[in-house]
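The values are calculated or read from the model by the stated rules, or taken from the named source; none is laboratory data. This structure is a prediction, so every number in the text was calculated from the model and none was measured. Every residue, glycine among them, receives a Cβ derived from its backbone with ideal geometry; neighbour counts consider all protein chains shown. Calculation scope for accessible area: heavy atoms of the full protein, side chains included, ligands and nucleic acids excluded. Shrake-Rupley method; radii C 1.70, N 1.55, O 1.52, S 1.80 Å.
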Amino acid sequence: MISDSLREVAAALQEASRLLLLAHVSPDGDSLGSLLALRQVLLRSGKQVSVYVPGGVPLRYQFLPGADTVLSKPEQLPDEPATIVVLDCGEWERVGLPADRFAGQPIVNIDHHRTSCGLGQANYIDSEAAATGLLLLRLFSHWEVALDVPVATCLYAAIASDTGFFRYSNMTAEVHLAAATLLTAGADQVQIYENLEKKSFSYLKALALVLERLDAFADGKGAYSYLTLADLDSLGLTNSESEGLVNYPRSVAGIQVAAFLVEMEPEVYKVSLRSRAPLDVSTLAALFGGGGHARAAGCTLHGSIDDCLQQLSEAAVRMG
Ligand code: 5GP
Ligand code: MN
C-alpha cells in the first residue's frame, strides 16, 4: 500500500529537473547513504542533481558510490533555483544552511525522526521506519527502479547504520526483507561492514579514555562519558569521528539512559542520547531543542562538562 504522502513526494521529485539534496549536520550513514542513493536514481532519469554536506563526507563514508561528487562548502552551491530535497532531517536548524536561502523554491522532505513535522510542501515522514534509506527503497519500488550495485550499496549502508547492523529495537521484518532485496541487487555486505566498522588508532585510544571516564548520572538511572576539545586535539581525532562511542555507556546493564558528550566548540557539547524502554530520549532531547527517536536522539548543550551533565541529570530524573 502506497501512502498519499509518498505519492505526493514521488510526483514532486518527478516534476523537478534540477535538484539540490541536503541532510543534517554531523552526517551519519543513513543520511549519506540516502543522499547518494537518491542522487544516482535521479541522475539516471536525466535530472541535474547536486548533493551538499557541510564540511564534506567523513572518511569512513567515502567508499559510498558518488561520495567524491559531494559539495562541502556553501560557496560551491549552484546559483540556479532547484527543488530542495531534505533527507533524514526534519528541522532547518540542523540542515546547516539558512532556510531563507531557498525562499520560493519547492521543498521536499523525506524523514523518519519522531520529532519531525515536515518542513517541505511535500513531506513523506514515517517515524516508525528504521531508516530514511528504507523510505527511499519504498519510493524506488513505487517507481519500479531496477536497483544496481551503487544504489543497493548506498541503501544497505544507510539501513545498516541506523539499525546497528540489524540489531537495534527498530528492526522489523520489512528491514530484513529490504536487506535481502539489496543483497540480491549486489550490495556487498562484507565490504560495507568493513568500511563502516573499521577503527583508527586515534578512535581506539579515544575509546580507552571514554571507558576510563565512564560513570553513572541521574541518580544511577544513566551512564555517560565524554570527550573535550583538548582530548580530541591530543588524540588527533575530529568530532565527527567520535560517532558510535555512545554505544559503550549504552551497553551498561540496568541503565535506562546513556549519554555521550563531545565538545564541538569551547563549552558547546553535542550530546548523543540512547535509551531503553520506557524512557523516550526524543522527549529528553526536545527539552534542550534537540530531537530524534525514542531510543536514539541528540541535542546541543552549553556550559562546562559539569554544567551540561547537571542539566541532563535533572531533566532525566524529572522524567521519572
Ligand atoms: P546521534 O546520537 O547518533 O548523533 O543521533 C541519534 C539520532 O538523533 C539520529 O537520528 C540523529 O539524527 C538525531 N539527532 C541527533 N542530534 C539531534 C539534534 O540536535 N536535533 C534533532 N532533531 N535530532 C538529533
Ligand atoms: Mn536516520
Whole-percent carbon and sulfur contribution to the accessible surface of segment 4-196 (1.4 Å, no ligands, DNA or RNA) stands at 50 percent
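May I ask you to derive the FRET efficiency for ALA286 and LEU59 from their Cβ-Cβ distance with R0 = 41 Å, giving the value to the nearest 0.05?
Values: r = 31 Å, r/R0 = 0.76.
For R0 = 41 Å, the calculated efficiency reads 0.85.
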Between the modelled labels at ASP188 and LEU77 (7 Å from Cα along Cα→Cβ) the distance in nm is 3.6 nm
For segment 4-196, dividing by residue count, accessible area per residue (probe 1.4 Å) in Å² works out to 42 Å²
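Just flag the GluC sites (Glu not before Pro) in segment 236-320 sitting in loop per DSSP whose Cβ has no more than 15 other Cβ atoms within 10 Å. All intermediate terms of the calculation are to be shown ahead of the outcome.
Details: sites: GLU241, GLU243, GLU263, GLU267, GLU314; in loops: GLU243, GLU267.
Answer by residue number: GLU267.
For ASP68 and SER234, what is the calculated FRET efficiency with R₀ set at 51 Å and r taken between the beta-carbons, to the nearest 0.05?
Working: r = 31 Å, r/R0 = 0.61.
So, using R0 = 51 Å, E works out to roughly 0.95.
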Between SER169 and ASP306, the two model label points (7 Å from Cα along the beta-carbon direction) sit apart by a distance in nm of 3.4 nm
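Suppose all protein chains stay in the model; what accessible area per residue would a 1.4 Å probe give for segment 201-319, in Å²? Write out the running numbers ahead of the final one.
Numbers: 5400 Å² over 119 residues.
On a per-residue basis, segment 201-319 sits at 45 Å².
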Which of LYS199/LYS221; LYS221/LYS270; LYS73/LYS199 exceed 23 Å between C-alpha atoms? The answer is LYS199/LYS221; LYS73/LYS199
With every protein chain in place, the accessible area of THR83 for a 1.4 Å probe, in Å² rounded to the nearest 10, comes to 20 Å²
Nearest 10, in degrees from 0 to 90: the angle of helix 149-162 to the longest Cα principal axis of the chain is 30 degrees
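Can you tell me the equivalent ellipsoid semi-axes for the chain? Use √(5λ) from the Cα gyration tensor, largest first, whole Å.
Numbers: eigenvalues 207, 85, 79 Å².
For the chain, the semi-axes come out at 32, 21, 20 Å.
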If every Lys and Arg gets +1 and every Asp and Glu gets -1 at its Cβ, then about the Cα centre the chain yields a dipole, in debye to the nearest 20, of 520 debye
With label points set 7 Å from each Cα along the Cα-to-Cβ direction at ALA216 and VAL268, the distance between them in nm comes to 3.5 nm
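Looking at the chain, send over the antiparallel percent of its DSSP beta bridges, to the nearest 5.
If I count the DSSP bridges inside the chain, around 45 percent turn out antiparallel.
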Computed over the chain: longest principal axis from alpha-carbon atoms vs helix 29-44 long axis, angle to nearest 10 degrees, is 10 degrees
Expressed in angstrom and rounded, the centroid-to-centroid distance over alpha carbons for segment 10-51 and segment 241-320 is 30 Å
Sorting PRO249, LEU301, MET264 by the position of each Cα along the dipole of the chain (Lys, Arg +1; Asp, Glu -1; all at Cβ), the one nearest the positive end of that ordering is PRO249
